[in-house]
Amino acid sequence: NKGFAILMGNLGFSELIVLVFYVKLVIKSAKKEKRKMLYWLETIIFSIILILTIYGFFYPLYLRYKLIKTGQPANRFDRPLKRTKDAIFSFFFLTCSVKKERVVTGLVHFFILYGSLTFDTISLNHVLEGYKENLNVFGHGLIRSIHSAVVDVFVIMVLAAVLYFIIRRYVFRPSYYTYPSKESAIIYALLVTVTLTFLLFEGADIAHNPDHGYLSFLGKAVAGWMGPVNMTLVKVFWWIHILNVFAFVLYVPRSKYLHMIAGPVNIAFQDYKQKGAIKPLDIDNEDAVSFGVVKATDLTWKDLLDSFACVDCGRCDDFCPANRSGKPLSPKNLMLNLKKYLLAEKKVLLKGSSDDLPPLMAGTYTADEIWTCTSCGACMYVCPVMNEHVPKIIGLRQSLTLMESKFPEELNLFYKGMETNSNPWGIGSSTRGEWAEGLDIKILRQDANVDILYWVGCAGAFDDRAKKVSTAMVKILKKAGVNFGILGVEENCCGDQARRLGNEYMFQMLARQNVEIFKNYNIKKILVTCPHGYNIFKNEYPEYAKKLGIDDWGIEVIHHSEFIAELIEQGKLTIDPKIKASLTYHDPCYLGRHNHILNPPRDILSQSGAQIREMKNNRYHSFCCGAGGGLMWTEEKLGDRINHIRTDNVLETGAEIVSTACPFCMTMLEDGIKDKEKTDECSVEDIAEIVAQCLEDKKTG
């Protein structure tokens, strides 16, 4: 105080004014420097966090890309424009999610997707604000006003969507949902916190600067609730929000929500030729260490991509007949466990030390899973990201069968019959043509002048019930004036069942013989009554023929349901509506779902006079009979019998006849009706038998 008095005494009034002004300048300059220093410090910290977030987002993507590359080659690069279009459409229009089996859930995904995309624009803006305040990519005019209202609308939609998923997953949880789901809980929490912290920041910003309100109705409401706010609080809410956004960005590639990125990519690389078709093994390769799928590196890169694209939605489990009947197979876990395997063994995989990898059947999968798949394809049809489950299972069966001779014990009899007589029953191959005796049918070795080869198949030649279908088909062909013939004793098994049981060696042995026969007789058109034979001749024989040096397969394959429908349409066959009974139709998996033949059988049956009643699981969602994938020849020891579930579907319609177009389905449905003691109420008829009855003179009912 004394020093101040002396100073005041030596200063005049003008000097005092100058001193005061100087001191204020120094203080103001110091504050400005401090603010500047804090700004740069904040910017540096923000930049470091941003760089770490970008690295943390892209590193797991790069790691998964490297893991996927360890798979075997797969040609999925044809039709680039269509692949690109499908990927874009699946992402922006959610064609992968909005399917009729879960319409509401699919639509709610719209809220999440477009809410996230809207928030992405906000997040980009907030990142820019980390370097310059009040910067906005939409400017400060009309566009920003509209955008502010749109953002608030999606805030409500996102919160509603999250609430829907929380209730669906944790309250009414369907059986196909994984529970407890830690990943889902985390992502729901992040979606909520990102949304709410945005509202807090928006409200604080508007409360501090009302000009930033624009058309933001929620932001203005929060601002009114907050009252006066200083810039410091605005900054605090900005930091809280941006850190929540970065946490969300970091979590996505490390969780199942990677499907948001991997899903559209997986859809782009889907198989446009034939989903579920089995590719030939090079069984003649003497240098091969193994055959089939033993380790993850035996799968293709597309198989490995499938595992990372899996949504964990459970649609595949919900429609899988094995899973629905209480068996251990879960198509969803087939994917998720493969992903766990890849991440657990990433060091070995990235080193290229495949010899050190554990076999997939040594802890990742079990025999009960692999041998209960009917290969019906329901899982692949409903998968929103086009995952391909069946080929993986067949690959695992191939390794078990060819490398270790590990397969269900009852298949020993099946293989013995195939090896000795080229049919699953083991009936003498010399009797293959006996069913046709007295029917005056051309045998190609006696007269090869035919327009079409009628491939009777093992069931049609040896199974007493299926022989009636063969006879009915002959009656139809003759009535229509078709020039056809059969191979008789020269016919072999098509090899479908052997191939789907994993015995690729047996399939190729049979296929080679059949291809040679087709070449010898210059076959151009094959008619089949079995969907399994139809599928393998149409979709898999051409690829195997290339292995034999035949690039142009050049053989048209047609199923009898298609052929009969064509004969009717061309006027070569007239159907009288003689069936006076209620009828339901069972879609065979390999006819409907695998090969999209849904309408021809219905077109035929609709003209029969029968009263048609559809089952609740029909067309593409037809429930498997349980015989596919070679399981016709195994014992169903686990869970409920699949054919019993399908029989219940039949009986629920109250139909007096159940018609089908597959010998295996016919057997399984007849067995189911017998087991249910309903043979007096419902009979099983192939469509050929229905048509043949309608060609008779006498009335039937």
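The values are calculated or read from the model by the stated rules, or taken from the named source; none is laboratory data. Since we're looking at a predicted model, the values are computed, not measured. Virtual Cβ from ideal backbone geometry, glycine too; neighbours counted across all protein chains shown. Keep in mind that these areas ignore ligands, DNA and RNA; they rest on the heavy atoms of the full protein, side chains included. Shrake-Rupley method; radii C 1.70, N 1.55, O 1.52, S 1.80 Å.
Per-residue 3J(HN,Hα) values for region 356-371, derived from phi via the Karplus relation 6.51 cos²θ - 1.76 cosθ + 1.60 with θ = phi - 60°, read 8, 6, x, x, 5, 7, 10, x, 7, 10, 10, 4, 5, 5, 5, 9 Hz in sequence order (x marks Gly and Pro).
Just want to confirm a number: the relative contact order over region 186-279, from Cα pairs under 8 angstrom separated by 6+ residues, in percent. Walk me through the numbers on the way to the answer.
On the way: 66 pairs, mean separation 27.0, N = 94.
Contact order relative to length: 29 percent.
With the contact rule set at Cα under 8 Å and sequence spacing of 6 or more, what percent relative contact order holds for the chain? Mind showing how you got there, number by number?
Working: 982 pairs, mean separation 78.4, N = 701.
Taking the mean separation of contacting Cα pairs over the length of the chain, I get 11 percent.
Under a 5 Å amide H cut-off, with hydrogens placed 1.01 Å from N, ILE612 pairs with LEU583 among residues at least 5 apart or on other chains.
DSSP assigns beta bridges within the chain; of those with both partners inside it, close to 0 percent run antiparallel. Over 19 Å between Cα atoms: which of LYS580/LYS674; LYS273/LYS616; LYS82/LYS273 fall into that group? Correct reply: LYS580/LYS674; LYS273/LYS616. Nonpolar atom fraction for the chain, defined as the carbon and sulfur part of the 1.4 Å probe accessible area, stands at 59 percent.
Divide by every residue of the chain the summed helix terms, -39500 (n - 2.57) for each DSSP H run of at least 4, and state the resulting mean residue ellipticity at 222 nm, rounded to the nearest 500 deg cm²/dmol.
The per-residue figure over the chain is -17500 deg cm²/dmol.
Here the Karplus relation 6.51 cos²θ - 1.76 cosθ + 1.60, evaluated at θ = phi - 60°, turns the backbone of region 44-52 into coupling constants of 5, 4, 4, 5, 5, 5, 4, 5, 5 Hz, with x for every Gly and Pro. For percent of Cα pairs over 46 Å apart, the listed values are [x] 45; [y] 30; [z] 36; which was obtained by calculation from the structure presented? It is the value labelled [z]. Separation of region 273-342 and region 591-639, taken as the distance between their Cα centroids, equals 24 angstrom. Ordering of 488-494, 342-348 by packing is 488-494, 342-348, highest average first (other Cβ atoms within 10 Å, averaged per residue). For ASP686, nonlocal amide neighbours, meaning residues 5 or more places apart or on other chains whose placed amide H falls under 5 Å from its own, are THR660.
To the nearest ten degrees, helix 642-652 and the longest principal axis of the Cα atoms of the chain are 90 degrees apart. Under a 5 Å amide H cut-off, with hydrogens placed 1.01 Å from N, GLU556 pairs with LYS525, ILE526 among residues at least 5 apart or on other chains. Think of each Lys and Arg Cβ as +1 and each Asp and Glu Cβ as -1; about the Cα centre, that makes the dipole of region 419-528 roughly 380 debye. Phi angles of region 300-316 translate, via the Karplus equation with coefficients 6.51, -1.76, 1.60 and θ = phi - 60°, into HN-Hα couplings of 7, 4, 5, 4, 6, 4, 3, 5, 7, 7, 4, 7, 6, 7, x, 4, 4 Hz per residue; Gly and Pro are given as x. Using C-alpha pairs under 8 Å with a sequence gap of at least 6, the mean separation divided by the residue count of region 293-423 gives a relative contact order of 32 percent.
In debye, nearest 20: dipole of region 454-497 around its Cα centre with unit charges on the Cβ of K, R (+) and D, E (-)?
Working: 6 positive and 5 negative charges, 80 e Å.
With Lys and Arg at +1 and Asp and Glu at -1, about 380 debye.
For the Cα atoms of the chain, what angle does the longest principal axis make with the long axis of helix 217-226, in degrees from 0 to 90, nearest 10? That helix lies at roughly 40 degrees to the long axis. Relative to the longest principal axis of the Cα atoms of the chain, the long axis of helix 560-569 lies at roughly 80 degrees.
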